[in-house]
Amino acid sequence: MKTTILNGGLAGDRFTDHMQHLLQAELSDNGGDATVWTLRDEKIAYCLGCFDCWTKTPGICRIDDAGRDVAASIIASDLVVFLTPVTFGGYSSELKKAVDRSICLISPFFTRIDGEVHHQRRYDHYPAMLAIGILPEQNPEQEAIFTTLVERHAINLHAPQHAAVVVMRSQDEQTLRSVLHAALPARETERQ
Amino acid sequence: MNAPKNALLLIGSAKKPGASASEALGGYLVRQLAARGQASETRYVARTMRSESRIGELLAAVERADVFVLAFPLYVDSLPYLVTKALERIAESRQGQSAEGAAQFVAIVNSGFPEAVHNQTALAICRQFAKEAGFRWAGGLALGGGAPFSGKPLEEAGGMAHKVIAALDTAAAALALGQPIPDEAVAALANPVMSPRFYTLMGGMGWRLEGLRNGVYRQLRARPFAS
Ligand SMILES: Cc1cc2nc3c(=O)[nH]c(=O)nc-3n(C[C@H](O)[C@H](O)[C@H](O)COP(=O)(O)O)c2cc1C
């Protein structure tokens, strides 16, 4: 199983890096193979909102930087893990930088999902999605926003499976490992 | 309560000045506040986030504002990267400030999909930001199918803008008195401007025409990363 991990930790955020290592260890225990993108270290321009990736260079962003490679890595995977400090309930800026650049993975054309307008698929298969949010302490409001965001994002990315988990910076290593252990089976579910 | 005197508009679209729906919506609201005697200032997130000195100017402008309006496009069910970054910086600089007597914070979001409901998560994030950064949450306005309003002032957008203008007028009247945006303005804006069926029909045609113009009509469904 191919996994892409997007580490959305901001500069100096050692806890998010630690989570990434725990995650990698958990994945390799299961014989998995993960590509890790530490987004703050990558040169990724912001999305210009030009839609050239739909109407000029279909399927690929016109900006030739690591943003393209991250998108390619996501679509080549069976599981994508978004590892991020929960920021006002949402993704961190570093994660969002790469996520915005991934709309090249879907089609501009429309479809209906559960009665709502969404975009059609571009590819036959998409990765399952696991989002791991990191909070300093419990915060039910932010956790609820985060969970909804992941659900909505999974619909738009056509993820066959998705899960959102939130961990606290104050949690001990044993607890963190068991949270990851419980969250990861999502990746083993068959794709649609 | 004293009437607010200074309005700050932060445009969260990365499009050029004058080109975005965010600017059409936020610009209209702030012009209505100016007409009620408020001084107004507009900043663009793409220009701002390019340098530390401009970020410093934004932080100073935020501190001067009585009404802080953020107008942005919905990007992947939430706020665009640049907007998230700007809000992270603002929250960091205002750590520990209380919302009592603080500026009002208003969010206006527009989405590509015609149903306003797509914007709810983004507005929840904005509300959470207001709480963490010590602003008074004055409410969020969501417009589905914003594209037809991009590139020109709302006043020049013709009949389809009537409902939008009415909603923003109601919002401006309340904000000018230091009050939150009334529910009726939120509800009025949330009604789709066009039926989703018509919007997607026109949208699909738009993508095809654009593809044709760019000589890639047959490649619109290309899969460059397929293995
Ligand atoms: C990277 C990116 C992501 C987007 N994600 C969404 C989305 O999740 N839902 C939606 O309805 N529209 C989405 N849109 C469409 C924009 O919200 C829409 O085009 C909007 O009208 C742009 O506003 P602006 O002119 O103020 O930039 C997205 C656009 C871009 C470029």
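Which condition does A:Y123 not pass, out of (1) within 12 Å of the chain's Cα centre (by Cα); (2) surrounded by fewer than 23 Cβ atoms within 10 Å (Cβ to Cβ); (3) within 8 Å of chain B (Cβ to nearest Cβ), if it passes all the others?
(1)
Among the residues of the range A:162-175, is there at least one that is of a type in the set (K, R), within 16 Å of the ligand (Cβ to nearest atom) and either buried (at least 18 other Cβ atoms within 10 Å of the Cβ) or more than 8 Å from chain B (Cβ to nearest Cβ) (or both)?
no
Please determine whether any residue of the range A:62-78 is touching a strand residue (DSSP E or B) at 6+ places or on another chain (Cβ under 7 Å), assigned to a strand (DSSP E or B) and either within 21 Å of A:E151 (Cα to Cα) or within 16 Å of the ligand (Cβ to nearest atom) (or both).
no
Pick from B:P4, B:P17: which is assigned to a loop (DSSP other than H, G, I, E, B), away from the ligand (no atom under 11 Å from the Cβ) and either under 12 Å from the mean Cα position of the chain (by Cα) or modelled with pLDDT of 95 or more (or both)?
Within the list B:P4, B:P17, the selection yields B:P17.
Looking at the range B:113-141 only, could you name the residues that are near the ligand (Cβ under 10 Å from one of its atoms) and buried (at least 22 other Cβ atoms within 10 Å of the Cβ)?
Passing the criteria: B:F113, B:P114, B:A116, B:H118, B:N119, B:T121, B:A122.
Residues B:V83, B:V69: which one is within 14 Å of chain A (Cβ to nearest Cβ), of a type outside the set (G, A, S) and within 14 Å of the ligand (Cβ to nearest atom)?
Answer to the check: B:V83.
Could you pull out the residue among B:V164, B:V109 that is within 14 Å of chain A (Cβ to nearest Cβ) and either hydroxyl-bearing (S, T, Y) or surrounded by 23 or more Cβ atoms within 10 Å (Cβ to Cβ) (or both)?
B:V109
Which condition number does B:G204 fail, the rest of (1) closer than 30 Å to B:D66 by Cβ; (2) facing chain A (nearest Cβ under 7 Å) being met?
Result: B:G204 fails condition (1) only.
Restricting attention to the range B:19-45, which residues are within 14 Å of another protein chain (Cβ to nearest Cβ) and surrounded by fewer than 20 Cβ atoms within 10 Å (Cβ to Cβ)?
Scanning the range B:19-45 gives a single hit, B:A19.
Taking the condition of being more than 22 Å from B:A86 (Cα to Cα) and either assigned to a helix (DSSP H, G or I) or acidic (D, E) (or both), how many residues in the range B:119-156 meet it?
6
The values are calculated or read from the model by the stated rules, or taken from the named source; none is laboratory data. Since the structure is predicted, the reported quantities are computational estimates derived from the model, not experimental observations. When we count neighbours, we look across all protein chains shown, and the Cβ atoms used for this are built from the backbone with ideal geometry, even at glycine.
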